[in-house]
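Reading through the structure tokens given below for one structure.
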Amino acid sequence: MSSQIWLEPTHLHFHTGHEAQVKLYRGEQMFPQPPTGGENISVKLICPNGSIENLSIADTKNDDYFLITFSPADEGLYTLTARSDGDKYAKIVVPVGHHLHGTGKPTGEELEIVSETVQEFRLQDPIVLTVFNRGKPLSGVEIKATYHLYDGGNYPYNLTTNGKGQAEFVFPEKGHWMFMVDNGGKTATLVVPGVR
């Protein structure tokens with residue numbers, strides 16, 4: 001299986017007037033590998049008002065990740081996406097403010113995972129995920145799931161999308177969760193941070 005990229009925030013929510021920081025990792029199953037430095041990475045920020053900003057990698061903080069920063073002007077749900085080498089895609093929704101809820105939306109990427117709801121998830125909460133391929137739901141594909149405290153040899157959970165491209169998952173552990181789909185060598189990840 002090819003490596004993936006994924007995004008993790010440095011905090012579970014941010015505030016206006018302060019810098020938001022998100023780490024971009026590369027590796028497998030949430031086990032980071034050192035960034036190579038030769039990757040072609042594009043980063044986009046979709047703001048709550050729908051506007052899109054192109055961001056750059058701010059810094060390599062250590063050997064494990066690239067750091068992405070932005071300064072939110074308004075409270076709301078910000079969608080941050082990253083694409084590396086054309087075939088690796090990552091997405092995360094970053095809350096700016098407290099107790100925010102919303103509906104997940106596809107960004108129009110070739111392959112992506114979308115959460116039906118965006119909220120503060122807790123242990124045993126269900127989440128409904130949809131896999132999109134070029135904006136259309138993709139049925140019969142496997143979504144693999146893991147969390148950042150898991151240290152096993154492969155993904156501990158596997159889901160298969162139904163005819164609507166959806167799969168439901170109930171969070172069995174606390175922590176940052178990553179969902180990953182691989183379709184024809186292209187990978188997409190969605191991280192749900194801080195399941196309590």
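The values are calculated or read from the model by the stated rules, or taken from the named source; none is laboratory data. From a predicted model like this one, the values you see are computed outputs, not experimental measurements. Glycine gets a Cβ as well: all are built from the backbone with ideal geometry, and neighbour counts include every protein chain shown. Accessible surface is based on the protein model in full, side chains and every heavy atom, while ligands, DNA and RNA are left aside. Shrake-Rupley method; radii C 1.70, N 1.55, O 1.52, S 1.80 Å.
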If amide H atoms are built 1.01 Å from N in the plane of the peptide, which residues on other chains or at least 5 residues away come under 5 Å of the amide H of I143?
L159, T160, T161
Inter-label distance for D74 and L149, nm, one decimal - labels placed 7 Å from Cα along Cα-to-Cβ:
3.7
List, in order, the whole-Hz ³J(HN,Hα) value for each residue of segment 184-196 obtained from phi through the Karplus relation with A = 6.51, B = -1.76, C = 1.60 and θ = phi - 60°; use x for Gly and Pro.
x, x, 8, 10, 9, 10, 9, 9, 10, x, x, 5, 8
With the charge dipole of segment 77-196 built from beta-carbon charges (+1 for Lys and Arg, -1 for Asp and Glu) about the Cα centre, the Cα from H99, V141, S115 projecting farthest to the positive end belongs to H99
Using a probe radius of 1.4 Å on heavy atoms only, what accessible surface per residue do you get for the chain? Whole Å² is fine.
47
Going down the table (K144/K174; K105/K136; K136/K174; K44/K91; K88/K144; K23/K164), which pairs top 21 Å between alpha carbons?
K136/K174; K23/K164
Order these peptides, 73-84, 135-146, by their mean beta-carbon neighbour count within 10 angstrom, highest first.
73-84, 135-146
Could you calculate the contour length gain from T107 to N49, that is, 0.36 nm times the residue separation minus the distance between their Cα atoms, to one decimal place in nm?
19.5 nm
Of V195, L45, L159, whose Cα points farthest to the positive end of the dipole of the chain (charges on the beta-carbon: +1 Lys, Arg; -1 Asp, Glu; origin at the Cα centre)?
L159
Where the only charges are on Cβ atoms (+1 Lys, Arg; -1 Asp, Glu), what is the dipole of segment 1-160 about its Cα centre, to the nearest 20 debye?
280
What is the packing order of peptides 117-129, 96-108, taking the mean over residues of other C-beta atoms within 10 Å and listing the highest first?
117-129, 96-108
How many percent of the accessible area of the chain is carbon or sulfur, using a 1.4 Å probe?
45
Answer with a single label: of (i) 36, 18, 17; (ii) 23, 20, 17; (iii) 79, 25, 11, which was calculated as semi-axes √(5λ) of the Cα gyration tensor in Å from the structure in view?
(ii)
